[in-house]
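The values are calculated or read from the model by the stated rules, or taken from the named source; none is laboratory data. Computed from a predicted model, the values in this text were never measured in an experiment. Note that each Cβ is placed from the backbone with ideal geometry, even for glycine, and that neighbours are counted across all protein chains shown. Each accessible area value is taken on the protein alone, full model and side chains, heavy atoms only, with ligands, DNA and RNA left out. Shrake-Rupley method; radii C 1.70, N 1.55, O 1.52, S 1.80 Å.
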Amino acid sequence: MIAIDGPAGAGKSTCARLLAARLGYRFLDTGALYRAVTCRALWNGLDPSDEEAMAALAERVEITLVAGPPMRVVLDGEDVTAPIRGPAVSNAVSTVAALPRVRTAMVRQQRAFAAAALRDGTGVVAEGRDIGTVVFPDADVKFFLDADPRVRAERRAKERGDGDVASVQREIEARDKMDTERDVAPLRAADDAVRIDSTGKSEADVLAELERAVAARAKRRGGN
Ligand code: C5P
């Protein structure tokens, strides 16, 4: 199990996906789960801060991550890969993710995903905000990936084909603030995480750093 945490736009998803492909592991995008629940809530006209309603929804929905590339997210049989990345979901997801009962339901799904992979003899690269601290505290290797806020906003804006970098930066900073300040499972680096700042680095550079750390850990374990 490899855990990758960090704020929005730090390059977690891309690097986690590439690392999983290199290692032959499954990729678990935990943000996609919170986004899928948020998407369904908005479509159903629910208030994203209504814990009772949101918890009931989170416990009821069936979310499947279909391995790619490109990975697809299926919610109750419906492909929501594109809508979960839209601005409406991005603006509401941190409100939903701060609700303790929603997190309990999502963490259960994440652990079930990992258990199924392990039963098949496959490892997992999981990325999110609380993977190394809460979801998989016994992960073999933990990373905390960060980058300068302006660089993170530029990356996100480019991914979305959105020229308004300043507004993307405002959105991700608002989300990071909520994710960092919430009471339950806030965004933070695990004490034993390898910290990587991806500012000014290419995806290939970051991937190489991740692979080196994973190889070093495997070697240390082999030597024990
Ligand atoms: O990773 P992504 O940007 O898609 O995550 C969307 C949101 O989902 C985050 O801003 C955060 O509010 C929530 N999230 C979380 N815990 C995780 C993964 C995502 O709270 N492990």
- Can you spot a residue in the stretch 127-134 that is in a strand (DSSP E or B) and within 14 Å of the ligand (Cβ to nearest atom)? yes
Being modelled with pLDDT under 95, out of contact with any Ser or Thr (no Cβ under 7 Å at 6 or more places or on another chain) and open to solvent by less than 40 Å² (accessible area, probe 1.4 Å) narrows ALA157, ALA97 down to just ALA157
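So, of the residues in the stretch 69-85 that are touching a residue at least 24 places away in the same chain (Cβ under 8 Å) and open to solvent by less than 70 Å² (accessible area, probe 1.4 Å), which turns out to be nearest to ALA53 (Cα to Cα)?
Initially, the stretch 69-85 is screened for residues touching a residue at least 24 places away in the same chain (Cβ under 8 Å), giving 69, 71, 73, 75-76, 80, 83-85.
Of the ones still in play, those that are also open to solvent by less than 70 Å² (accessible area, probe 1.4 Å) are 71, 73, 75, 80, 83-84.
Numbers: MET71: 28, VAL73: 22, LEU75: 17, VAL80: 21, PRO83: 21, ILE84: 19 Å.
Residue satisfying both the conditions and the ranking: LEU75.
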ALA185 passes all but one of the listed conditions (1) open to solvent by less than 70 Å² (accessible area, probe 1.4 Å); (2) within 14 Å of the ligand (Cβ to nearest atom); (3) out of contact with any strand residue (DSSP E or B) (no Cβ under 8 Å at 6 or more places or on another chain); (4) not in a loop (DSSP other than H, G, I, E, B); the exception is number (4)
Among helices (runs of 4 or more DSSP H) entirely within the stretch 1-65, at least 3 residues that are buried (at least 22 other Cβ atoms within 10 Å of the Cβ) and within 14 Å of the ligand (Cβ to nearest atom) occur in 12-23, 30-43
Of those in the stretch 188-206 that are open to solvent by 50 Å² or more (accessible area, probe 1.4 Å) and part of a helix (DSSP H, G or I), the residue nearest to SER90 (Cα to Cα) is GLU203
Going through (1) polar (S, T, N, Q); (2) farther than 13 Å from TYR34 by Cβ; (3) open to solvent by 50 Å² or more (accessible area, probe 1.4 Å) one by one, THR104 fails only at (2)
Only one of (1) under 17 Å from SER13 (Cα atoms); (2) modelled with pLDDT of 95 or more; (3) over 16 Å from the mean Cα position of the chain (by Cα) does not apply to GLU59, and that is (1)
Looking at ARG108, is it of a type outside the set (A, V, I, L, M), without any contact (Cβ under 8 Å) to a residue 12 or more places away in the chain and in a helix (DSSP H, G or I)? yes
query = Somewhere in the stretch 116-124, is a residue open to solvent by less than 40 Å² (accessible area, probe 1.4 Å) and in a helix (DSSP H, G or I)?
reply = yes
